[in-house]
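Have a look at the structure below before the remarks.
The values are calculated or read from the model by the stated rules, or taken from the named source; none is laboratory data. As the structure is a prediction and not an experimental result, all values here were calculated from the model. Cβ placement follows ideal geometry from the backbone for every residue including glycine, while neighbour counts extend to all protein chains displayed. All accessible areas refer to the heavy atoms of the entire protein, side chains included, with ligands and DNA or RNA removed. Shrake-Rupley method; radii C 1.70, N 1.55, O 1.52, S 1.80 Å.
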Amino acid sequence: MIRFENVTKTYAGQSRAALDDVSLEVEKGEFVFLVGASGSGKSTFLRLVLREARPTHGKVYVAGKEINRLAGWKVPGLRRQIGTVFQDFRLLPNKTVTENVAFALQVIGKPRSHINKVVPETLELVGLEGKGNRMPDELSGGEQQRVAIARAFVNRPMILIADEPTGNLDPNTSVGIMKLLDRINRTGTTVIMATHDAGIVDQMRKRVIELSGGHIVRDQSRGVYGYQH
Amino acid sequence: MQLTYVFSELGNGLKRNVSMSIAVIVTIFVSLTLVGMGLLLNAQAQKAEEYWGSKLQITVFLCNQNSTTANCLNGEVTGPQKDEIEKVLETHPEVASWRLQSKQEAYQKWKSAYVSNDETEQRVYESIKASDMQESYWVQLKNPEKFMGIKSQVSGLEGVNTVRDLREVLKPIYFWMNVMKWGAIGIAGFLVVAAVLQVGNTIRLAAFARRREIGIMRLVGASSLYIQLPFLMESLVAAFIGVALAGGALVAFMYFVIYERLRPTSNIVAWIDWADGVWALGWIALIGLLLTLVPTLVMTRKYLKV
């Protein structure tokens, strides 16, 4: 589903590479934790998958396509196959829960009948049934993150990218969000989650890729956050 | 493509930035009005040039008993002197045709031009008689640009008082027309720069105000066109209103100034007509469109790149 071949990314004006000769493959339907300190290259990795950035060297394949050779006008098509969730939720404060989720479909031109059908379904999936008319500021942090996940998942993407999705949440709420991501993963969606949350990584026992200084220093199939000796 | 979002964003955008939108519209309006005025003045200058050019002739005034110039020291022009002048006119290569205007003819023309409501003035006018007029040759030139040769040759002849060519009379009119034309175009140029920068600024502010929506749209895979469309539409609306106002100003100018005031009262030149007005309108519509679309496209490309 995602393949990196000797990928190096050096940002303009910086001598040190943010990612240095990274090669890896993520299969369809996998759940992968991306761990590492700040500045280790996690965000760069995610940006490369979304083609927010292009590699300096090497090739990035998503769904079988080498995306750095993708024409500019095809990038939106790529991003429609990838859902993205952030630490800070990024909801539109002047829209209701339903409108926030529907927005993702409206702006890619989905018909209204389709939107009216899948938005309530998705809200139910993330556990927000009956809260469609609330405004974001009337929701708890965990609920807001569920809205963001609903928005990322409403178009049924092949890949879900989550950048520190529990970073702003308390441990109990985080567990709920992880259960939700796990459920989404079980529908066949590949999930890549960058995190600092050791407790969650240890609990889930999924594949763990650890980055340090732009290198992969560990790739374990049922790993934990820290090193196991 | 579902355009609900585009139109609701268009409305929001115009509302969010009423003052900016008005500033853009006013700048476009004023600059385009000036551009249009410049174009109309240019058209008028060309019309006048054609009109006078086709009529361009030099007039050779002959001496009468009151003339004081060097060639008139012997008083009234004589028959042999006139023969001599006519011989030159007949043989000179620059001359297309010529005719003699008698004192009586000159007097008639003069009388119809000089009429006053003021009694004293009228009495002064009436004291002038046909014998006070000068005989003159009205010489049509082959090429209106070439009059120096015939002018210098004729003005040296005995019995010639003065040689006047219309071009010299019209020079100051042309000069001021040119000053006005280039003045209008110059000021319009500055305003056009201001309008372009203002459109660019507006887009930047609007993109900043919508950065959250735009960020999400990019992430969920909205196309560039879809993201840029509200901005383009906003600019187009501003351009449309600006062009309409400027067009209205030009139409008003054509109607009230050219057709109501100048055309009925003054026939000394050919005046611009509605065809010239429409031509100027077409230009300002095109310029207005470019003025807003180009900076919008540049700025949206810069700020809204997917």
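In whole Hz, what ³J(HN,Hα) sequence does the stretch A:166-176 give by Karplus (6.51, -1.76, 1.60; θ = phi - 60°), x for Gly and Pro?
9, x, 9, 10, 6, x, 4, 4, 4, 4, x
With a probe of 1.4 Å, find how much accessible area the protein assembly as shown has per residue, and write the answer as a whole number in Å².
That works out to 49 Å² for each residue.
Sort out for me the Cα centre separation of the stretch B:162-232 from the stretch A:55-126, rounded to whole Å.
37
Per DSSP H run of n ≥ 4, the term is -39500 (n - 2.57); total these for the protein assembly as shown, divide by its residue number, and report the mean residue ellipticity at 222 nm rounded to 500 deg cm²/dmol.
Helix contribution divided over all residues of the protein assembly as shown: -17500 deg cm²/dmol.
Return the subset of A:Lys65/A:Lys206; B:Lys151/B:Lys171; B:Lys109/B:Lys129; B:Lys129/B:Lys151; A:Lys28/A:Lys110 for which the Cα-Cα distance in this structure is over 20 Å, preserving the input order.
Pairs exceeding 20 Å: A:Lys65/A:Lys206; B:Lys129/B:Lys151; A:Lys28/A:Lys110.
Between the alpha-carbon centers of the stretch B:57-116 and the stretch A:167-221, tell me the distance in whole angstrom.
108
Calculate how large, on average over all directions, the projected area of the Cα convex hull of the stretch A:91-156 is; give the answer in nm² to one decimal.
3.8
For chain B, what Kirkwood radius comes out of the mean inverse Cα-Cα distance, in Å?
Taking every pair of different Cα atoms in chain B, averaging 1/r and inverting gives 24.5 Å.
Per q in 0.10, 0.13, 0.17, 0.18 Å⁻¹, report the Debye log10 I(q)/I(0) for the stretch B:55-166, using one uniform scatterer on each alpha carbon and no solvent.
For the requested q values the scattering log ratios are -0.33, -0.53, -0.83, -0.90.
By how many degrees, 0 to 90 and rounded to 10, does the Cα axis of helix A:97-106 deviate from the longest principal axis of chain A?
Helix A:97-106 sits at roughly 60 degrees to that axis.
With just the Cα atoms of the protein assembly as shown, tell me how far they stretch along each of the three principal axes, in Å, largest first.
Projected onto its principal axes, the Cα set of the protein assembly as shown covers 132, 48, 31 Å.
Which far-off residues, 5 or more places away or on another chain, put their amide H under 5 Å from the one on A:Arg205, with H placed in the peptide plane?
The answer is none.
Tabulate in residue order the Karplus-calculated ³J(HN,Hα) for the stretch A:62-76, using 6.51 cos²θ - 1.76 cosθ + 1.60 with θ = phi - 60°, rounded to whole Hz; enter x for Gly and Pro.
10, 6, x, 10, 7, 7, 6, 9, 6, 5, x, 6, 8, 4, x
Would you grab the residues whose amide H sits under 5 Å from the one on A:Gly109? Only those 5+ places off in sequence or on another chain, please, with H modelled 1.01 Å from N.
B:Gln2
Mind checking which helices in chain B clear 27 Å along their axis (Cα) and have mean Kyte-Doolittle hydropathy of -1.0 or more, DSSP H runs only?
Those that pass (Cα extent of 27 Å or more, hydropathy at least -1.0) are B:18-55, B:166-209, B:224-252, B:274-303.
In whole Å and largest first, what semi-axes does the C-alpha gyration tensor of chain A yield when each eigenvalue is scaled by 5 and square-rooted?
Equivalent ellipsoid semi-axes, largest first: 29, 21, 15 Å.
Considering only protein heavy atoms and a 1.4 Å probe, what is the carbon-and-sulfur percentage of the accessible area of the protein assembly as shown?
So the carbon and sulfur contribution to the accessible surface is 57 percent.
Residue by residue through the stretch B:58-66, what is 3J(HN,Hα) from phi via Karplus (6.51 cos²θ - 1.76 cosθ + 1.60, θ = phi - 60°)? Round to whole Hz and write x for glycine and proline.
Whole-Hz 3J(HN,Hα) from phi for the stretch B:58-66: 9, 10, 9, 8, 9, 6, 10, 5, 8.
What is the magnitude of the charge dipole of chain A about its Cα centre, with +1 placed on the Cβ of each Lys and Arg, -1 on the Cβ of each Asp and Glu, and no other charges, expressed in debye to the nearest 20?
840
For A:Glu30, what residues show an amide H to amide H distance below 5 Å, using hydrogens built from the backbone and excluding near sequence neighbours?
Residues meeting the criterion, in which the H sits 1.01 Å from N, are A:Val191.
So what's the projected area for the stretch B:189-290, the Cα convex hull averaged over all directions, in nm²?
Over all viewing directions, the stretch B:189-290 projects a mean Cα-hull area of 8.2 nm².
Roughly how big is the B-A contact, given as buried accessible area in Å² (both sides, 1.4 Å probe, nearest 100)?
Answer for the B-A pair: about 1700 Å² buried.
Of B:Val77, B:Leu281, A:Tyr225, which is farthest towards the positive pole of the protein assembly as shown's charge dipole, taken about the Cα centre with +1 and -1 on the beta-carbons of Lys, Arg and Asp, Glu respectively?
With unit charges placed on the Cβ atoms, the residue in question is A:Tyr225.
Not counting the cut sites, what is the longest span of chain B without trypsin sites (Lys or Arg not before Pro) that DSSP labels loop and that have at most 15 other Cβ atoms within 10 Å?
Counting only loop sites that pass the neighbour cut-off, the longest clear stretch is B:147-304.
Have a look at the stretch A:70-87 and report residues whose accessible surface goes down by 50 Å² or more when the remaining protein chains are included, against the chain on its own, probe 1.4 Å, ligands and DNA/RNA excluded.
Buried by the other chains: A:Pro76, A:Arg79.
Quick check: from the Cα gyration tensor, does the stretch B:32-111 come out rounded (a/c under 1.5), prolate or oblate?
prolate
If the only charges are +1 at each Lys and Arg Cβ and -1 at each Asp and Glu Cβ, what is the size of the charge dipole of the stretch B:55-166 around the Cα centre, to the nearest 20 debye?
Using Cβ point charges on Lys, Arg, Asp and Glu, the stretch B:55-166 gives about 280 debye.
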